[in-house]
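S.K.: The structure follows.
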Amino acid sequence: GEGLFAYAMKNQIKEKGGKYWVSSRDAILRKTIVLDEIDMDNGIILLPECVTAEEAGQPPSISPPGGLQPPAGGPSVGVAEAPISPPPRPGQPVESVIIEMILTKALLYKTFNILGLLADKAGDKKIKVRVEGTNLAGVDPTWIRNAIIEPLSEANIPFEIKEETKKSS
């Protein structure tokens, strides 16, 4: 809350001539934030002098000694990325959250740690996951049993499965 540091999403950082800055509307400065709101994969901690009130995109006139370095391990600063929502402001605790995603296999793997974090915060350390596979025309029910039902059963994972078959016309 003392304003010693600012926080912003990496995709909001601007660069010109080796100087990095962020617009005040895209940064959190002089506000208390909860540790859970800091995402170091997609966000960056900045010195307050790197936050400018100018929306037009000019770097601040004060440059910290040595300059601000681009975040290590992340994408190049200033490169356009998919928009990321700013962290929510502290307030009323959330009672529940519903997340709907349409995922490829690769994206599914990227959600495991994220869902694990949610499970850590959830009551009884459990979350409910609903998976719907679509466009499965021609998939043999034996494959469903061998690839889905039996491995879930063998892993002692409680589940319900509903199979829909195409109705003949």
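The values are calculated or read from the model by the stated rules, or taken from the named source; none is laboratory data. Since we're looking at a predicted model, the values are computed, not measured. FYI the Cβ positions are ideal-geometry reconstructions off the backbone, even for glycines, and counts take in every protein chain you see.
S.K.: For residues that are modelled with pLDDT under 85 and assigned to a helix (DSSP H, G or I), scanning just region 26-43, find the one that is nearest to LEU118 (Cα to Cα).
M.R.: Applying the filter and picking the extreme gives ASP36.
S.K.: Out of all the residues in region 1-25, which are within 19 Å of the chain's Cα centre (by Cα) and outside any strand (DSSP E or B)?
M.R.: Of region 1-25, the ones within 19 Å of the chain's Cα centre (by Cα) are 7-13.
Across region 1-25, the qualifying residues are LYS10, ASN11, GLN12, ILE13.
S.K.: When you scan region 6-25, how many residues do you find that are surrounded by 12 or more Cβ atoms within 10 Å (Cβ to Cβ) and either of a type in the set (Ser, Thr, Tyr) or at pLDDT below 80 (or both)?
M.R.: The initial filter retains those residues of region 6-25 that are surrounded by 12 or more Cβ atoms within 10 Å (Cβ to Cβ), namely 6-15, 19-24.
Remaining after also requiring either of a type in the set (Ser, Thr, Tyr) or at pLDDT below 80 (or both): 7, 20, 23-24.
Total satisfying the criteria: 4.
S.K.: So ASN146 passes all but one of these: (1) surrounded by 11 or more Cβ atoms within 10 Å (Cβ to Cβ); (2) under 33 Å from the mean Cα position of the chain (by Cα); (3) not charged (D, E, K, R). Which condition number does it fail?
M.R.: Failing condition for ASN146: (2).
S.K.: Sort through LEU117, LEU107, LEU68 and tell me the only one that's surrounded by 10 or more Cβ atoms within 10 Å (Cβ to Cβ), over 29 Å from THR32 (Cβ atoms) and modelled with pLDDT under 90. Working first, answer last.
M.R.: Values: LEU117 fails: over 29 Å from THR32 (Cβ atoms); LEU68 fails: over 29 Å from THR32 (Cβ atoms).
Only one candidate qualifies: LEU107.
S.K.: Are any residues in region 133-150 of a type outside the set (A, V, I, L, M, F, W, C) and more than 14 Å from THR165 (Cα to Cα), and if so, which ones?
M.R.: Going through region 133-150, the residues of a type outside the set (A, V, I, L, M, F, W, C) turn out to be 133-135, 138, 140-142, 145-146, 150.
Correct list: ARG145, ASN146, GLU150.
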